[in-house]
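In what follows, a structure is listed as structure tokens, so that the remarks can point back to it.
The values are calculated or read from the model by the stated rules, or taken from the named source; none is laboratory data. These figures come from a predicted structure and were not determined experimentally. Here the Cβ positions follow ideal geometry from the backbone for every residue, glycine too, while neighbour counts run over all protein chains shown.
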Amino acid sequence: MRESVLITGSSTGLGKEMALHLAQQGFRVYATMRDLSGADALHAAAKDRSVEVHILPLDVTDKASIDKAVETMVSDTGGIYGLVNNAGIGLRGYFEDLTAAEIRQLFDANLFGVMEVTRAVLPHMRRARRGRIILISSVAGRIGSLGVSAYCSTKFALEGFGESLALEVEPLGIRVVIVEPGIIQTERWSTNRGIAAGASDPNSPYFEWFRQSEKEADQLVRASSTTPTDVAVAAQHALTVENPKLRYMVGRKASLVVALRRYIPREWFERFYFKTVMRRVTRPGKASRPGQPVS
Ligand SMILES: NC(=O)c1ccc[n+]([C@@H]2O[C@H](COP(=O)([O-])OP(=O)(O)OC[C@H]3O[C@@H](n4cnc5c(N)ncnc54)[C@H](OP(=O)(O)O)[C@@H]3O)[C@@H](O)[C@H]2O)c1
């Protein structure tokens, strides 16, 4: 029997590409999505690549739908080898322009949703004494930035969850792997951008800075050479190598900034990198360019 993998948020972007790529690598893929209107496009893309994917409804904020998808998969395949926690939403805007309700919704999808899906698969992996849980975090889980404080909070929290869970379940034969992509052109940067209502209000005291920071982000998206396939290859690696690392960063620019943060003295990084990011937004045209690599 081929190894079975459940992927959340497979209707677009990285989740869709991971579903197709992992199916091409021989996995039995259960591509889940909260809205099945994306199912035809995924089936068609799978047909183009001469592979099959099984599509199930799953909304990470709806426990009943999680349990149903996991039950279906287990009754089809006898268990679950891999889980890719990919589904997530964005929320862009300066903190004061975000409402508590928007932030809660973000945490429901990006953190509590991940925890619920993970909780549902763990008993099956424990019984099998094997399994791989992949968390799609972000460079935004390692470095904060402006205009994405709430999003970064969810990804920093996800990093803490993954790192701690890894210690709890490794003795049971289950490995947790955190994949940290840099900026990649997906629907995240168009239809699913998640701009907070208050951030689009010209009366916001942050309006001009936010607008400038969005322009900066768009430039970085256009300049990024990292692709959804790069993330799919990292996920494949995490699912297949005997002894995966806890973290894999995907993308050259993101890796560079995180390496800088690790190797140069903290005060230098904070003084030069963060100050430059701020200046690029508050005094556009006057700052030099290390970038603002957060998605
Ligand atoms: N693209 C980047 O630059 C980048 C960089 C670093 C990390 N990431 C992370 O990578 C992951 C995938 O992002 P992406 O770039 O592929 O963006 P995307 O195209 O917007 O994909 C996100 C997917 O999550 C799904 N989703 C949202 N809420 C859900 C819910 N409650 N239940 C189930 N599915 C839900 C969306 O479904 P709908 O189609 O129904 O909305 C969509 O298919 C996210 O966790 C994101 O934070 C992305």
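In table form, for the structure just shown:
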item	result
Looking only at the range 92-136, and only at residues there that are touching a strand residue (DSSP E or B) at 6+ places or on another chain (Cβ under 6 Å) and not in a helix (DSSP H, G or I), the one that is nearest to the ligand (Cβ to nearest atom)	Ile136
Meets criteria (within 24 Å of Ala166 (Cα to Cα) and within 9 Å of the ligand (Cβ to nearest atom)) for Gly79	no
Test: residue in the range 92-99 that is surrounded by 15 or more Cβ atoms within 10 Å (Cβ to Cβ), of a type in the set (Val, Ile, Thr) and modelled with pLDDT of 95 or more	no
Within the range 73-85, tally of residues that are surrounded by fewer than 16 Cβ atoms within 10 Å (Cβ to Cβ) and within 14 Å of Ala31 (Cβ to Cβ)	1
Subset of the range 171-200 that is more than 17 Å from Thr227 (Cβ to Cβ) and surrounded by fewer than 14 Cβ atoms within 10 Å (Cβ to Cβ) - its residue that is nearest to the ligand (Cβ to nearest atom)	Thr191
Given (1) within 19 Å of the chain's Cα centre (by Cα); (2) charged (D, E, K, R); (3) over 30 Å from Ser204 (Cβ atoms), number of the condition Arg28 does not satisfy	(1)
Filtered residue count, the range 144-155, keeping only those that are under 15 Å from Ala217 (Cα atoms) and either among the charged types (D, E, K, R) or assigned to a loop (DSSP other than H, G, I, E, B) (or both)	5
Total residues in the range 231-249, condition surrounded by fewer than 18 Cβ atoms within 10 Å (Cβ to Cβ) and touching a Pro at 6+ places or on another chain (Cβ under 9 Å)	1
Search result, residues across the range 201-220 that are buried (at least 16 other Cβ atoms within 10 Å of the Cβ) and within 16 Å of the ligand (Cβ to nearest atom)	Ser213, Glu214, Glu216, Ala217, Leu220
Pairs with Cβ under 8 Å, 6+ apart, first in the range 51-70 and within 14 Å of Ala31 (Cα to Cα), second of a type in the set (Lys, Arg) and within 12 Å of the ligand (Cβ to nearest atom)	Pro57/Arg34; Leu58/Arg34; Asp59/Arg34; Val60/Arg34; Ser65/Arg34
Candidate set: the range 25-45, residues that are surrounded by fewer than 21 Cβ atoms within 10 Å (Cβ to Cβ) and touching a helix residue (DSSP H, G or I) at 6+ places or on another chain (Cβ under 9 Å); chosen: the one nearest to Asp108 (Cα to Cα)	Arg34
Residues within the range 232-280 that are part of a helix (DSSP H, G or I) and farther than 18 Å from Val5 by Cα, tallied	27
Counted residues, the range 107-123 - those being more than 12 Å from Ile89 (Cβ to Cβ), surrounded by fewer than 20 Cβ atoms within 10 Å (Cβ to Cβ) and out of contact with any helix residue (DSSP H, G or I) (no Cβ under 6 Å at 6 or more places or on another chain)	5
Subset of the range 1-12 (residues that are surrounded by fewer than 24 Cβ atoms within 10 Å (Cβ to Cβ) and within 10 Å of the ligand (Cβ to nearest atom))	Ser11, Thr12
